[in-house]
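The values are calculated or read from the model by the stated rules, or taken from the named source; none is laboratory data. What you are looking at is a predicted structure, and each value in this text was computed from that prediction instead of being measured. Ideal geometry is used to build each Cβ from the backbone, glycine not excepted, and the neighbour counts take in all protein chains shown.
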Amino acid sequence: MTETQPILEATGIDHDYGTVSVLQDISLTVPRGSVTAIIGPNGAGKTTLIRALAGLHEPTEGEITYHGPETARQIGYLPQHPAFRPGFTCRETLQFYASLVGDDDAAMEKLARVGLEDAADRNVEALSGGMTRLLGVAQATIGDPPIIVLDEPGSGLDPGMSMHVFDVASALADEGVSILLTSHDLELVERIADEVFVLSDGQFVQHGSTAELRARFNADSLWSVYENAIEGDLDTVRVQGEHA
Ligand code: ADP
């Protein structure tokens, strides 16, 4: 492993559910200590891809190489809908996860990192949606994984809370953690992402830094890039909507 090596390299990823192909020939690299975002319409294959990259399921074809985490267990993961066992406080919940990796003192530090220290003694079922998501981010940092994968970290949250979750992710990247996320919030992606991949119908149709993508499309925002990059998909959605 060298410092300039990407933390994760994937080549030729295909994924099928039965006879339905949802990912075709996906290749990407995730650079160290930066934020990489995958954006795309519903059904494009983002969750399928990100779960494969997080080592949670085997893609049908292709190769994923990690240069840093030795096993998929060393990858932090925030699911789109994190859920915690009721009846335990935030502190107890994180203590449990911390004990799994032999780091019993990590709970309060991880809660403070996401801004949840005042909720340490609150039961998890009494948390708001945003606080539950933050607890999920804190859980993903247990064991100090070198890469953290976040599936839709801002979905269903109010704008202020989504921004806070994204800013926590960005701060982790500043500390050297490699962040890989999916999101529909293009403003927040533009705010924190270094690299953006646009996934449409199971394939990457664009890739670059936000500045490169804006320049390529002579666009003033990532939204405008997105609209151009997946024009066909947007039309399909619109037509389906008209007939619904
Ligand atoms: P996205 O996250 O971009 O919305 P997904 O990866 O969730 O996309 O889904 C991609 C496609 O795969 C969708 O058409 C979805 O219905 C289908 N799909 C997802 N999970 C399964 C599954 N477990 N079995 C069969 N089809 C699935």
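Scanning the range 17-36 for residues that are within 13 Å of the ligand (Cβ to nearest atom) and either surrounded by 14 or more Cβ atoms within 10 Å (Cβ to Cβ) or among the aromatic types (Phe, Trp, Tyr) (or both) yields TYR17, SER21, VAL22, LEU23, GLN24, ILE26. Quick check, is GLN74 in contact with an Asp or Glu (Cβ under 7 Å, 6 or more places away or on another chain), surrounded by 15 or more Cβ atoms within 10 Å (Cβ to Cβ) and at pLDDT below 95? Criteria not met by GLN74. Among residues of the range 155-180 that are in the same structural domain as VAL196 (by the TED database) and small (Gly, Ala, Ser), those with a beta-carbon under 7 Å from a residue that is part of a helix (DSSP H, G or I) and crowded, with 20+ Cβ neighbours inside 10 Å at least six positions away or on a different chain give the pairs SER162/LEU188; ALA169/ILE192; SER170/ILE192.
Taking the stated definitions as given, is ASP104 loosely packed, with under 15 Cβ neighbours inside 10 Å and part of a helix (DSSP H, G or I)? Against the criterion (loosely packed, with under 15 Cβ neighbours inside 10 Å and part of a helix (DSSP H, G or I)), ASP104 does not qualify.
Conditions tested, residue by residue: (1) farther than 30 Å from GLY102 by Cβ; (2) within 16 Å of the ligand (Cβ to nearest atom); (3) modelled with pLDDT of 95 or more.
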position: THR141; (1), (2), (3): no, no, yes
position: PRO145; (1), (2), (3): no, no, no
position: VAL168; (1), (2), (3): no, no, yes
position: ASP174; (1), (2), (3): no, no, yes
position: ARG191; (1), (2), (3): yes, no, yes
position: GLU195; (1), (2), (3): yes, no, yes
position: GLY232; (1), (2), (3): yes, yes, no
